[in-house]
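Input: a single structure, listed below in structure tokens.
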Amino acid sequence: MSLAQRLLQLALLLLWAQLLITGHLYPLAAIAMPAILLLSLKPHSLVRSNLNWITLACLLGWAITAIREQEDPTTWFTSLVNLVWLMASLKLLESGHKHNPRSAALVLLLSIGLAGTFNQNLSSNLLQGSCALLCIAALVALEAGPQPLAGLLRRSLTLFAIVIPIVLAGFLLLPRLPALWSLPGNRSNQTGLSEYLRPGELASLVQSHGIAARVRFRGPPPPPERRYWRVLVHRQFDGYGWSHGPSLPLANEQAIADGTILQQWLVEPSQLDWRPWSGHGLPNTTDLRIDSGGGLWAGRPLRQRGSYGIVATGRGDTWRKAPPTAVDLALPEDSNPRLKALGNSWLQQSVDPVKRLEIAHNWFNSQPFTYTLDPGRLPHQNQLDAFLFDHQRGFCEHYAASFSALMRATNIPARVVVGYQGGHWQQPLGTDAFLLLKNSDAHAWSEIWLPKRGWVEVDPTSWVVPERVRQSLAASLNESDRQLLGQQPPAWLQVLASQWQGLDTHWQLWVMQFDSSAQERLLFTLLHGQRQWQGLVAVVAIGVGLTGAITLIVVIDHRQNQQDPARVALKDCLIPLAKLKIKPAPGETLQQFCKRAAVAIPEQQQLIERISLHYNSYRFDSNPSPTAQQLRRLRLKLRTIKTELWYYVRKQKGQA
């Protein structure tokens, strides 16, 4: 088996491992790809004779799997890509039979590119780049013949380095086109907030440590007690849970494209139409709009990682002044009677909303509430009554939901906001610091309407357990609840993870999220606002890169031809003929030269013709490329011929 086939097998193994970890492989492909890879290591005659049946079985299995997965219409692309990955494995198995791995290398390169559309974090991209490098090294091995692995990888890296300036120029200067369609994301990477909030839902979510978002700040970050990142605004209460309710109109103020970015967000895929933000400022892209409830609305789920900035406005948050509607006061008539009675008693005590808020604060502080990840199940009927007066064990959504309902019972408009609170400040070496938000930072709080102030944030959880807001979730829990969060990794591993996340954040913001708006800002700086020169600069930069690349390739190819071991052995073999003044003419092929030499030395005709026969057989009869063993045989044959020619030369000189 050739070195090229070994390199392709390694590339396929790495690709399969990455796809398996990220969860994009269907069960059939996850099992079939390594099985086919094992068969390709030592192809058996039985496998070769039944290759068509193996292919047919894989296609049939894929079709059955694809039909089952089509219950979700967004998986059509994933199904087709799984077929390509499966076919790449079969093509590699076929190349072992037909000894032509070039087509397998090309199909594998296509498979690597498709994997890149799903996995765009730094670790995945590095692994995909390694797979592509192995494929290119395999193609180089097929064309250049046998050589040491180190030299082969060096030549492949040289090709990579040659094309990097061209790719970089095109990446930075060519116009960025919008996406023609949206690809389905990986569900395992999506954040877990839901459009319907039930008691206990966030308590389950925070036990997941998946990343939700990363935020970079211009200047110092806000203090921990002010780190509230809103996503969903729930206005409708049905007696059991909270939902968004009727659509809210969009606020008058919208995006500012050229403002100073105060917060740069990098968010993970999500099924929600809303994006996290602080509630202050305006987005820097027209793809995002602010509704009158303070939600940052995108109008579609986020299939892949996304990036956007929040810019300063110099004015207040106008959405906070949007007046409440009847929905913000509605309570189901046949639920939670004790809650309504308590709220009505507060209403009887004062007509001032601020005073009623103080009464609520004092009441929550007087109750023996317990903040816990394991609040237990509430009865189906009158759940908030059971929580407030019986169980009194709950997580943030219990407190936010019950407080908002109590405020409505006192005739104060209220709603529940779901998002994230706090975060983990990361300070990687050599890169900008950022705030890391995880699913474990998910939080719910309330907003109430106060005359002359508008919508005001109130977090009843901070009344019960202030450590949740001032410090962290873990600091606010007892020992048994902290065990539900899972064991923290060692400190050294956390440091390494922080450094890697910092690199990944830069990779995402500067490369993967480099869209048309980012390019516009960059070119405005580089060209000093003279955008009309963009096309000319792009053409000149790419042209210079192509010219330099072609020149380098020619120079390197010439040098490597001089170092070709078979060519070196041939030149060494022709030295005795040069002593007789018989040298190759410019443009003369080896076969033509040997015929001319045979005419000049007819007594050595058969010996000289064997030079051309052996060398051309080595170069052109080997499929797909000569092996190291064939090179050794060629060297031995040419060395034998050279010895006989030297004997003839010395004999001629002795006679002279």
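Scanning segment 504-520 for residues that are closer than 18 Å to Asp432 by Cβ and surrounded by 15 or more Cβ atoms within 10 Å (Cβ to Cβ) returns Asp504, Thr505, His506, Trp507, Gln508, Leu509, Met512, Gln513, Phe514, Ala518.
Determine if segment 457-466 includes at least one residue that is of a type in the set (Ser, Thr, Tyr), over 20 Å from Asp352 (Cβ atoms) and buried (at least 24 other Cβ atoms within 10 Å of the Cβ). Explain how you work it out, then say what you get.
Here is the first cut: in segment 457-466, the residues of a type in the set (Ser, Thr, Tyr) are 461-462.
So of that shortlist, the ones also over 20 Å from Asp352 (Cβ atoms) come out as 461-462.
Okay, now just the ones that are also buried (at least 24 other Cβ atoms within 10 Å of the Cβ), so 461.
Within segment 457-466, one or more residues are of a type in the set (Ser, Thr, Tyr), over 20 Å from Asp352 (Cβ atoms) and buried (at least 24 other Cβ atoms within 10 Å of the Cβ).
Selection of segment 390-425 for residues being more than 17 Å from Leu473 (Cβ to Cβ), within 36 Å of the chain's Cα centre (by Cα) and not hydrophobic (A, V, I, L, M, F, W, C) yields only Arg415. Applying the criterion of being open to solvent by 100 Å² or more (accessible area, probe 1.4 Å) and more than 18 Å from Ala597 (Cα to Cα) to the residues of segment 613-635, the residue that is modelled with the lowest pLDDT is Asn623.
Looking across Trp455, Trp500, one residue alone is over 26 Å from the mean Cα position of the chain (by Cα) and of a type in the set (A, V, I, L, M, F, W, C). It is Trp455. Which residues, taken from segment 152-167, are more than 15 Å from Ala132 (Cα to Cα) and free of Cβ contacts under 8 Å to residues at least 12 places away in the same chain? Residue satisfying the conditions is Val167 alone. Filtering Gln488, Gln501, Gln530 for residues that are polar (S, T, N, Q), over 30 Å from Gln652 (Cβ atoms) and open to solvent by less than 70 Å² (accessible area, probe 1.4 Å) leaves a single hit, Gln501. Taken over segment 198-223, the residue count meeting the criterion of being open to solvent by 20 Å² or more (accessible area, probe 1.4 Å), of a type outside the set (D, E, K, R), at pLDDT 90 or above and outside any loop (DSSP other than H, G, I, E, B) is 1. Looking across segment 113-141, just one residue is at pLDDT 90 or above and hydroxyl-bearing (Ser, Thr, Tyr), and that is Ser130. Going by the structure shown, is Ala144 modelled with pLDDT of 85 or more, more than 26 Å from Trp53 (Cβ to Cβ) and not basic (Lys, Arg)? When the stated conditions are applied, Ala144 does not pass them.
For the criterion of being small (Gly, Ala, Ser) and under 19 Å from Ala104 (Cβ atoms), Ala169 fails.
Go over the candidates Gln591, Gln604 one by one and state the one that is open to solvent by less than 50 Å² (accessible area, probe 1.4 Å), polar (S, T, N, Q) and either out of contact with any Pro (no Cβ under 6 Å at 6 or more places or on another chain) or more than 14 Å from Val649 (Cα to Cα) (or both). Working first, answer last.
Values: Gln591 fails: open to solvent by less than 50 Å² (accessible area, probe 1.4 Å).
So the residue among Gln591, Gln604 that is open to solvent by less than 50 Å² (accessible area, probe 1.4 Å), polar (S, T, N, Q) and either out of contact with any Pro (no Cβ under 6 Å at 6 or more places or on another chain) or more than 14 Å from Val649 (Cα to Cα) (or both) is Gln604.
Within segment 147-157, the residues that satisfy the criterion of being surrounded by 15 or more Cβ atoms within 10 Å (Cβ to Cβ) and not small (Gly, Ala, Ser) are Gln147, Leu152, Leu153, Arg155.
The values are calculated or read from the model by the stated rules, or taken from the named source; none is laboratory data. Since this is a predicted model, take the numbers as computed values, not measurements. Backbone-built Cβ (ideal geometry, glycine too); neighbour counts: all protein chains shown. Accessible surface areas use protein heavy atoms only, side chains included; no ligands, DNA or RNA. Shrake-Rupley method; radii C 1.70, N 1.55, O 1.52, S 1.80 Å.
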